[in-house]
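Q: Mind having a look at this structure? Questions to follow.
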Amino acid sequence: MAKTVEITWQGHACFELNNRKNVIVDPFIEGNPSAKIQKEDIQADIVVVTHGHSDHVGDALFIAKNNEAPIVTMVELAWLLSEKDNSLTIHDINFSGNVQIDGIKITAVPALHSSSYEGMYAGNPGGMIIDFGDICIYHAGDTGLFKDMDLIGSYYKPDIALLPIGGHYTMSAKEAAEAVKMIKPKVAIPMHYNTFPLISQDPNIFKNLVEKETDAKVIIPKIAEKFKLDVS
């Protein structure tokens, strides 16, 4: 059985992951200098937010309302978003907790970072395991390198890992390559780089390190270009 997903990188940490349903993660569109799409044009069945920073919450509320889609996020951030719009369905999960929506299982895992929303404490930051049943994707959110990535890899066994490489606020290419050694995905995709000068990076450094030191394949997507990935 083919294990396929259609992926679109919308710049920064925003990905659309389409396998039966379209899941958008960290939809930072408006105000994102690298985005090539308008928030009004996003079609999503589920909106996932990893943590409370503005470049990750982004347009989550607008996209959820515009598409009548639920939001999945960390519990304290879910409460804050609910206060902004209590008409939305917002699933509040915490580490190792999960929710299933239309057969898609979304599980929160730790991230080594911080989280605040509009100046308020927004709970813990997270990564998200998005399991479509036939293919499993780990969106690491914003994170530094930490040893529990070994457990995330061995327990959840993600086929694809989406990892920040921008440095300054997160891992750089070198740390992210070390993360791949622990996670052991079939495919690694860099994110959270070159949006702003502070996080300028050459993704080919990440690609060269990973493909030299691990069995994973690295894909460097172009912004707004859909590609189909088979990890059978």
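The values are calculated or read from the model by the stated rules, or taken from the named source; none is laboratory data. Treat the numbers as computed from the prediction; the structure is a model and nothing was measured. Cβ atoms come from the backbone with ideal geometry, glycine included; neighbour counts cover every protein chain shown.
Q: Give the residue, chosen from Asp55, Asp92, Asp85, Asp102, that is farther than 22 Å from Ala122 by Cβ and of a type outside the set (S, T, N, Q).
A: Answer to the selection: Asp102.
Q: Kindly indicate the residue of region 1-28 that is touching a strand residue (DSSP E or B) at 6+ places or on another chain (Cβ under 7 Å) and at pLDDT below 95 and also surrounded by the fewest Cβ atoms within 10 Å (Cβ to Cβ) among those meeting that condition.
A: By that ranking, first place goes to Ala2.
Q: Can you pull out every residue in region 189-232 that is of a type in the set (Phe, Trp, Tyr), touching a residue at least 40 places away in the same chain (Cβ under 8 Å) and surrounded by 16 or more Cβ atoms within 10 Å (Cβ to Cβ)?
A: Phe206
Q: Looking at (1) closer than 20 Å to Gly119 by Cβ; (2) buried (at least 18 other Cβ atoms within 10 Å of the Cβ); (3) of a type in the set (Gly, Ala, Ser), find the lone condition where Gly31 falls short.
A: (2)
Q: Is it true that some residue in region 47-67 is buried (at least 23 other Cβ atoms within 10 Å of the Cβ) and assigned to a strand (DSSP E or B)?
A: yes
Q: Please find, among Ala108, Ala78, the residue that is part of a strand (DSSP E or B) and surrounded by 18 or more Cβ atoms within 10 Å (Cβ to Cβ).
A: Testing whether each residue is part of a strand (DSSP E or B) and surrounded by 18 or more Cβ atoms within 10 Å (Cβ to Cβ) leaves just Ala108.
Q: Shifting gears a bit: If you go through region 212-229, how many residues are closer than 22 Å to Ser34 by Cα and outside any loop (DSSP other than H, G, I, E, B)?
A: Adding up the residues that qualify gives 3.
Q: Of the residues in region 98-123, how many are under 27 Å from Asn66 (Cα atoms) and either in contact with a His (Cβ under 7 Å, 6 or more places away or on another chain) or not charged (D, E, K, R) (or both)?
A: Within region 98-123, residues that are under 27 Å from Asn66 (Cα atoms) and either in contact with a His (Cβ under 7 Å, 6 or more places away or on another chain) or not charged (D, E, K, R) (or both) number 17.
Q: Moving on to the next point. Quick check on my filter: what residues within region 161-188 are aliphatic (A, V, I, L, M), surrounded by fewer than 24 Cβ atoms within 10 Å (Cβ to Cβ) and either assigned to a strand (DSSP E or B) or touching a residue at least 60 places away in the same chain (Cβ under 8 Å) (or both)?
A: Passing the criteria: only Val187.
Q: Hey, does region 135-155 have a residue that's basic (Lys, Arg) and in contact with a Leu (Cβ under 9 Å, 6 or more places away or on another chain)?
A: no
Q: If you scan region 49-89, which residues turn out to be touching a Pro at 6+ places or on another chain (Cβ under 7 Å), free of Cβ contacts under 8 Å to residues at least 60 places away in the same chain and β-branched (Val, Ile, Thr)?
A: Ile63, Thr89, listed by residue number.
Q: Another one. Quick one: how many residues across region 120-160 are crowded, with 18+ Cβ neighbours inside 10 Å, small (Gly, Ala, Ser) and out of contact with any strand residue (DSSP E or B) (no Cβ under 6 Å at 6 or more places or on another chain)?
A: 1
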